[in-house]
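In what follows, a structure is listed as structure tokens, so that the remarks can point back to it.
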Amino acid sequence: MKYKCRTCLTTCNDIIEHIKKVHGFSESYINDSLKTNSNSYKNSFEKIGQLKSDIEKFRIDLADHDSQKNKLKSEITSQSGTIKLLQNDIRDEQKALSIRLSTITGRLTTSNLFLITSIFSLVEPFLILEYQY
Ligand SMILES: [Zn+2]
């Protein structure tokens, strides 16, 4: 990590060394101020390369996010295929049921017909279910 001194605007690799060599602080003075506050000199320096490493981290996160997105997308595609098959099954069941019903409708009372219509209205949404992504 490189640091830029906000006072003299030069860069260094070691804050303490910089304060000693460039600004003439004594070792004991520095040690005393660090004992009082371990962040004593941090605000006087700017981390260089922090932004660069942040961007790099962001890139890695983004790539990870993209790969997760693609994984989810392919899962959705396969689920969507399963749903299509289920829709077809339901449609076939409904057809078979309709045929059976039509043969016994003659014997049904009005209230029984009402119940059957209600059941069909519950099944209906599954027949028109469409997946979009
Ligand atoms: Zn300096």
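Computed over neighbours whose Cβ is under 10 Å from that of Thr11, the net charge equals +1, Lys and Arg +1, Asp and Glu -1.
Could you give the length gained on full extension between Ile90 and Arg59, defined as 0.36 nm per residue of separation minus the Cα-Cα distance, in nm? Write down the numbers at each step before the final one.
Values: separation 31, 0.36 × 31 = 11.16 nm, distance 4.57 nm.
Once the chain is fully extended between Ile90 and Arg59, it gains 6.6 nm.
Angle between the Cα long axis of helix 27-36 and the longest principal axis of the chain, 0 to 90 degrees, nearest 10? So the helix axis and the longest Cα principal axis differ by about 40 degrees.
What number comes out for the charge environment of Val22, summing +1 per Lys or Arg and -1 per Asp or Glu over other residues with Cβ under 14 Å away? Each step should come with its number before you reach the end.
Numbers: positive: Lys4, Arg6, Lys20, Lys21; negative: Asp14, Glu17.
Here the count lands on +2.
To the nearest 20 Debye, how big is the dipole of the chain about its Cα centre, given +1 on the beta carbon of each Lys and Arg and -1 on that of each Asp and Glu? All intermediate terms of the calculation are to be shown ahead of the outcome.
Numbers: 19 positive and 16 negative charges, 50 e Å.
Using only the charged Cβ atoms, the result is roughly 240 debye.
Helix 110-127 and the longest principal axis of the Cα set of the chain meet at an angle near 30°.
The shape of the chain comes out prolate: with a ≥ b ≥ c from the C-alpha gyration tensor, a/c is at least 1.5 and a/b beats b/c.
Between the Cα long axis of helix 50-104 and the first principal axis of the chain there is an angle of about 10°, rounded to the nearest 10. Note on the chain: GNM, Cα springs under 10 Å; of Ser53, Ser74, Ser44, the largest mean-square fluctuation is that of Ser44. Each stretch of four or more DSSP H residues adds -39500 (n - 2.57); spread over every residue of the chain, this sum gives -23500 deg cm²/dmol at 222 nm.
Only the coordinates and a few stated rules stand behind these numbers; no lab work does. Everything numeric in this text was worked out from a predicted model, so none of it was measured. Note that each Cβ is placed from the backbone with ideal geometry, even for glycine, and that neighbours are counted across all protein chains shown.
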